[in-house]
Amino acid sequence: MPKLIVINQRGLTKLIPLHTGQTTVGRGSLNSIVIDAESVSRHHAVLSRDGGTVKLHDLGSRNGTYVNDVRVRVRRLRHGDTITMGDCVLRFLNDKPMHEMSAPLDLDSLTAEFQSAYSAAQPAPPGWDAHA
């Protein structure tokens, strides 16, 4: 099943399965995935899943949506893609062999990057687990 690893600006991670249909992402409380960061638009993006295929659609967000450091409006995601929305990084996983990944999966370095950039200790938001 396709899923996202969400890493917020505090270096906290959450694994989210992507069910068939649409998954909305943004700062607004009615989104499927709520990212509490000022750099993320209220209605930032939507992920559309049809079987094993997942497409990312930017919803005209203020700061844009990036896949592997390239700004996109619509993009079919590949296993291992890194998605950036404001201060938040997401990693797309689709149960593919490692040789089919678009980029190497290195969760520790992604987490360390955000921990050093946002070193101020802040409490974890409800529902988030600290990365061990």
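The values are calculated or read from the model by the stated rules, or taken from the named source; none is laboratory data. These figures come from a predicted structure and were not determined experimentally. Here the Cβ positions follow ideal geometry from the backbone for every residue, glycine too, while neighbour counts run over all protein chains shown. Note: areas computed on protein heavy atoms with side chains; ligands, DNA, RNA excluded. Shrake-Rupley method; radii C 1.70, N 1.55, O 1.52, S 1.80 Å.
Averaged over its residues, the range 23-102 has an accessible area of 50 Å² per residue, based on protein heavy atoms and a 1.4 Å probe.
Quick check: net charge around H57, other residues with Cβ under 15 Å of its Cβ, Lys/Arg +1 and Asp/Glu -1? After counting each charged neighbour, the total is +3. Of the solvent-accessible surface of the range 1-90, computed with a 1.4 Å probe and all protein chains present, 49% belongs to carbon and sulfur.
When the surface is traced with a 1.4 Å probe over the full set of protein chains, R91 keeps roughly 10 Å² accessible.
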